[in-house]
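Below is one structure, written out as structure tokens; comments come after it.
Just so you know, all these numbers are worked out from the coordinates, no wet-lab data involved. What you see is a predicted model; the values in this text were computed from it and never measured. Every residue, glycine as well, gets a Cβ built from its backbone with ideal geometry; the counts of neighbours run over all protein chains shown.
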């Protein structure tokens, strides 16, 4: 993840900024949407909404923070609003579309484990409150504590403590679960 | 391979198809959606007006004090229209994406939770309030008619359902407000921990 650079003062248009951000962080934003929304249809809508709000936000981009920080702040804001707006009752159920998307069994044990691990990780993230979700997603995207602090607004000490907890939870769940899988 | 970071970063993702063309299209869709939402919100005042006219009609023919019923119906209508104005104003005050980017995740999330709490409280005052008053403007004349004709027992199931509905809406909204307040309290704690 090499995204801590600021846009230089060559005054690119907000269309250019959006294209640049979508190129660099498109996949990360898709992963972020998947951490906030389990339903594929709603996830697609959320992802579109994130891109749309990102494009709008660049009208006010002033290079005071890095492009990456800006992108993640907008994306987390849109996604957290989505979580507050949605009422989750059936989050443990899968839709027909999701069921259809599951690959065949003969793709092998490794693929099945990967899928299961990802599902467990996503389920774990989706249990968290929006602010903690911001931290774990940023951690999984390989950001350092300073970058996470810039995005979330938490102090470095607070971020470090939360990351320590995240590492413990992930180690416990994935090493124990990994042996069983 | 059970390294969570590897699992996370290697997950299959659909490439985003949000081109600039599609974004402009979405802007137009959003304007249309906003117009539809505004029209949809006029349903509540319409129902209030309908209930008022109905109640006044019954009161004029059979019920007590038609002028009092009319006054209450007009008051409920004005209250409901004013309520729509204030609720809409609160809804459109959502944080603009550019502002969200200038503030941290903690700040923008806090603003959003506070806005939701404000809207939830205003819903009881500006939406449920006039609806309950409008219902009263037609229930009271019907009830007085029922008493005179000895048909109150027949109306009991409907009245019970009405009371249960109003109580449920109230309880659900109050629970929402408590949950949002708890979230705000937790954010306050995080902010305090951030400073210390």
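Would you mind ranking A:13, A:147, A:63, A:122 so that the residue whose beta carbon has the fewest other beta carbons within 10 Å leads the list?
Taking fewest neighbouring Cβ atoms as first place, the list is A:13, A:63, A:122, A:147.
So for chain B, what percent of the C-alpha to C-alpha distances run longer than 27 Å?
Within chain B, distances greater than 27 Å cover 55 percent of Cα pairs.
Quote the relative contact order of the stretch B:1-157 in percent (integer), defining contacts as alpha-carbon pairs under 8 Å separated by 6+ residues.
So the answer I get is 31 percent.
Relative contact order, percent, of the stretch A:11-91 when contacts are C-alpha pairs under 8 Å separated by at least 6 residues?
39 percent
Among B:141-149, B:14-22, A:154-162, what's the highest-first ranking by average C-beta atoms within 10 angstrom per residue?
Order by mean packing, descending: A:154-162, B:141-149, B:14-22.
I need B:56, B:109, B:118 ordered by Cβ neighbour count within 10 Å, fewest first.
Least to most surrounded, the residues fall as B:118, B:56, B:109.
Can you sort B:49, A:137, B:58, B:43 so the residue with the fewest Cβ neighbours within 10 Å comes first?
B:43, B:49, B:58, A:137
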